[in-house]
Amino acid sequence: MFLSVFDMFKVGIGPSSSHTMGPMVAAARFVDRLRASPFQAHGLRASLHGSLAFTGVGHATDRATILGLAGFLPETYDAQKAEAALHDIRITRQITPPGLGPMRFDPERDLSFDYGPALPGHANGMILRATDAQGDVILQETYYSIGGGFVLTAAELDAAGETKKTSRAAVPYPFDTADEMLRMARESGLSIAAMKRANELKFRSASDLDQGIARIWDVMNACISRGMEREGILPGGLKVRRRAKGIHDQLLAERGLNMTAPHTINDWMSLYAMAVNEENAAGGQVVTAPTNGAAGVVPAVIRYWLDHVPGAAPSRVAEFLLTAAAIGGLCKHNASISGAECGCQAEVGSAAAMGAAGLCAVLGGTPEQVENAAEIALEHHLGMTCDPVKGLVQVPCIERNGLGAIKAVSAASLSMRGDGQHLVSLDVCIETMRQTGRDMHEKYKETSLGGLAVNVPNC
């Protein structure tokens, strides 16, 4: 198994990696197939299934699908051009992707939400169809958005299941479990970050790797800064106020007054995370870490470390992110990072494990202490549901990222007080998350049919 640091950390747009970025990528892939097809398409249709249907409007899945069909991609997304394209599509009832002629597409008629049973492969399924001049289907594909912006066709999903059982990645340190990771670290004498870096260098040059990681942190940090500067009401109808700027102003005003309680450091951690997730909720540029819904945890822990921990150095951010990516890859490979599949334990829980591992590493932790930090953080998110009010990535998601960052820092600190020996291994914890997600009722897995989503008024 090999998941790149650039798989775990992808630059994209809010509010959801699986419900916004994934459908946009899927639609763009379908258009690529049309370009290579010998048939001339005259129309397009899309149907959203499972969680993509239940929370699709709140997560802008419909908009993302339309924009993907029009040629937009998350990493190069331009908000002004997107709004102009959506306006033209609604007026003309046509989509004209780059390199193709105009095709019929009426958003009201040709994009449907199917609230029946989910498609068999995953809770986040969608079917895209191209039609001829008479309206008959000439090309059809089923896509699954499996979390973190990852997209697979139905055939790719089946093949991935078989590959997962039998294959080993062609990298120097092909660990599929935390136990293997620790064994390889002991045998090689390398840190988790150093092993991850060696694996990455099989696929790209050192300069490309370093530049790519630097960009990831630049986008994360810029997102924090934007979130701490902006005010107003978040879109979607819940009338949730942005709070990060007000909290930041208060914290700055309290500096130097000798009145600050020690626990105020928690407010700084929450601030950084909430700033990111308010930007995400507004559809801004974020980095999946490992998802959009959990995008605030890892950057908040890094910013806390850089701004508040003596001896922190920006030059070691790459070590943090490589370590975090290794842990996130284990969570995804052996369980899930999808809220629609395993609840929020898979999103904020995995993010907290990643943040705890990264922080422990840059604080000087051994590989055993890093694994312990990740396990502590994940263990205390087990069973967490995904129940967004009105299907928006706002309540409880924004504050939940703040608490996830606090748990990550606490887990890293606690692990550093020990020698890495502990009762519950990270592998056991990840497997427990998988089993818990499998057993969790569907209404608690990003459908907005249970929990806070039905007990809090939606307007």
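Residue check: is Ala356 out of contact with any Asp or Glu (no Cβ under 7 Å at 6 or more places or on another chain) and assigned to a helix (DSSP H, G or I)?
When the stated conditions are applied, Ala356 passes them.
Residue by residue through segment 54-74, note down the ones that are farther than 22 Å from Gly43 by Cβ and touching a His at 6+ places or on another chain (Cβ under 8 Å).
Thr55, His59, Ala60
Taking only pairs six or more apart or across chains, which ones have beta-carbon atoms under 9 Å, a first residue in segment 69-85 that is more than 20 Å from Gly101 (Cα to Cα), and a second residue that is hydroxyl-bearing (Ser, Thr, Tyr)?
Cβ pairs passing all conditions: Pro74/Ser17; Pro74/Thr20.
Would you call Ala324 in a helix (DSSP H, G or I), in contact (Cβ under 8 Å) with a residue 40 or more places away in the chain, closer than 27 Å to Ala281 by Cβ and in contact with a helix residue (DSSP H, G or I) (Cβ under 9 Å, 6 or more places away or on another chain)?
yes
Can you work out which of the residues in segment 240-260 that are touching a residue at least 24 places away in the same chain (Cβ under 8 Å) and assigned to a loop (DSSP other than H, G, I, E, B) is farthest from His308 (Cα to Cα)?
Val240
List the number of the failed condition for Ser448; all other conditions in (1) in a loop (DSSP other than H, G, I, E, B); (2) under 30 Å from Val370 (Cβ atoms); (3) in contact (Cβ under 8 Å) with a residue 60 or more places away in the chain hold.
Going through the list (1) in a loop (DSSP other than H, G, I, E, B); (2) under 30 Å from Val370 (Cβ atoms); (3) in contact (Cβ under 8 Å) with a residue 60 or more places away in the chain, Ser448 breaks only (2).
Scan segment 1-56 for residues that are among the charged types (D, E, K, R) and assigned to a helix (DSSP H, G or I) and jot them down.
Within segment 1-56, Asp7, Arg29, Asp32, Arg33, Arg35 meet the criteria.
Of the residues Val393, Val409, Val389, Val424, only one is among the aliphatic types (A, V, I, L, M), under 19 Å from His441 (Cβ atoms) and either modelled with pLDDT of 95 or more or within 16 Å of the chain's Cα centre (by Cα) (or both); which?
Residue meeting the stated conditions: Val389.
Given (1) surrounded by 24 or more Cβ atoms within 10 Å (Cβ to Cβ); (2) within 20 Å of Ala294 (Cβ to Cβ), identify the lone condition not met by Ser415.
(2)
Restrict the check to segment 432-445 and report whether at least one residue is closer than 15 Å to Ala178 by Cα and either polar (S, T, N, Q) or crowded, with 24+ Cβ neighbours inside 10 Å (or both).
Yes, there is a match, as at least one residue in segment 432-445 is closer than 15 Å to Ala178 by Cα and either polar (S, T, N, Q) or crowded, with 24+ Cβ neighbours inside 10 Å (or both).
If I go through segment 306-333 residue by residue, how many of them are closer than 15 Å to Ala194 by Cβ and acidic (Asp, Glu)?
Qualifying residue count, segment 306-333: 1.
Within segment 116-147, can you find the residues that are touching a Leu at 6+ places or on another chain (Cβ under 8 Å) and surrounded by fewer than 14 Cβ atoms within 10 Å (Cβ to Cβ)?
Gln140, the sole residue that qualifies.
The rows are residues; the columns are (1) over 15 Å from the mean Cα position of the chain (by Cα); (2) polar (S, T, N, Q); (3) within 24 Å of Ala214 (Cβ to Cβ); (4) assigned by TED's automatic domain parsing to the domain that holds Trp268.
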| position | (1), (2), (3), (4) |
| --- | --- |
| Val297 | no, no, yes, yes |
| Tyr304 | yes, no, yes, yes |
| His308 | yes, no, yes, yes |
| Val317 | yes, no, yes, yes |
| Ile327 | no, no, yes, yes |
| Gly339 | no, no, no, yes |
| Ala357 | yes, no, yes, yes |
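I'd like the residue in segment 37-78 that is at pLDDT below 95 and acidic (Asp, Glu) and, out of all such residues, is nearest to the chain's Cα centre (by Cα).
Step by step, filter segment 37-78, then rank; the result is Glu75.
What number of residues within segment 41-61 are surrounded by fewer than 19 Cβ atoms within 10 Å (Cβ to Cβ) and in contact with a helix residue (DSSP H, G or I) (Cβ under 9 Å, 6 or more places away or on another chain)?
Result for segment 41-61: 1.
Residues are listed down the side, and each one gets a yes or a no for (1) at pLDDT 95 or above; (2) assigned to a helix (DSSP H, G or I):
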{"residue": "Gly161", "(1), (2)": "no, yes"}
{"residue": "Lys164", "(1), (2)": "no, yes"}
{"residue": "Leu182", "(1), (2)": "yes, yes"}
{"residue": "Leu190", "(1), (2)": "yes, no"}
{"residue": "Arg197", "(1), (2)": "yes, yes"}
{"residue": "Trp217", "(1), (2)": "yes, yes"}
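When segment 67-85 is examined, which residues are found to be closer than 15 Å to Arg29 by Cα and part of a loop (DSSP other than H, G, I, E, B)?
Ala70, Gly71, Phe72, Leu73
Given Ala244, Ala261, Ala253, which one is small (Gly, Ala, Ser), within 28 Å of Ser315 (Cα to Cα) and out of contact with any His (no Cβ under 6 Å at 6 or more places or on another chain)?
Going through Ala244, Ala261, Ala253 in turn, just one is small (Gly, Ala, Ser), within 28 Å of Ser315 (Cα to Cα) and out of contact with any His (no Cβ under 6 Å at 6 or more places or on another chain): Ala244.
Just checking, which of Ser207, Ser225, Ser145 is of a type in the set (Ser, Thr, Tyr), within 30 Å of Glu278 (Cβ to Cβ) and part of a helix (DSSP H, G or I)?
Being of a type in the set (Ser, Thr, Tyr), within 30 Å of Glu278 (Cβ to Cβ) and part of a helix (DSSP H, G or I) holds for just one of Ser207, Ser225, Ser145, which is Ser225.
If we keep just the residues of segment 318-372 that are touching a strand residue (DSSP E or B) at 6+ places or on another chain (Cβ under 9 Å) and more than 25 Å from Ser270 (Cβ to Cβ), which is surrounded by the most Cβ atoms within 10 Å (Cβ to Cβ)?
Within segment 318-372, the match that is surrounded by the most Cβ atoms within 10 Å (Cβ to Cβ) is Ala340.
Going residue by residue through segment 274-282, is there one that turns out to be crowded, with 24+ Cβ neighbours inside 10 Å and of a type in the set (D, E, K, R)?
Yes, segment 274-282 contains at least one residue that is crowded, with 24+ Cβ neighbours inside 10 Å and of a type in the set (D, E, K, R).
With the checklist (1) over 27 Å from Val454 (Cα atoms); (2) in a helix (DSSP H, G or I) in hand, flag the one item Ala289 doesn't pass.
Of (1) over 27 Å from Val454 (Cα atoms); (2) in a helix (DSSP H, G or I), only one is false for Ala289: (2).
Does any residue in segment 200-214 that is assigned by TED's automatic domain parsing to the domain that holds Ser315 come within less than 8 Å, Cβ to Cβ, of a residue that is of a type in the set (Gly, Ala, Ser) and loosely packed, with under 11 Cβ neighbours inside 10 Å six or more places away or on a different chain, and which pairs are these?
Matching pairs, first to second residue: Lys202/Ala170.
The values are calculated or read from the model by the stated rules, or taken from the named source; none is laboratory data. Bear in mind the structure is a predicted one, so any value in this text is a computation, not a measurement. Neighbour counts are summed over all protein chains in view; Cβ atoms, including those assigned to glycine, are modelled from backbone coordinates with ideal geometry.
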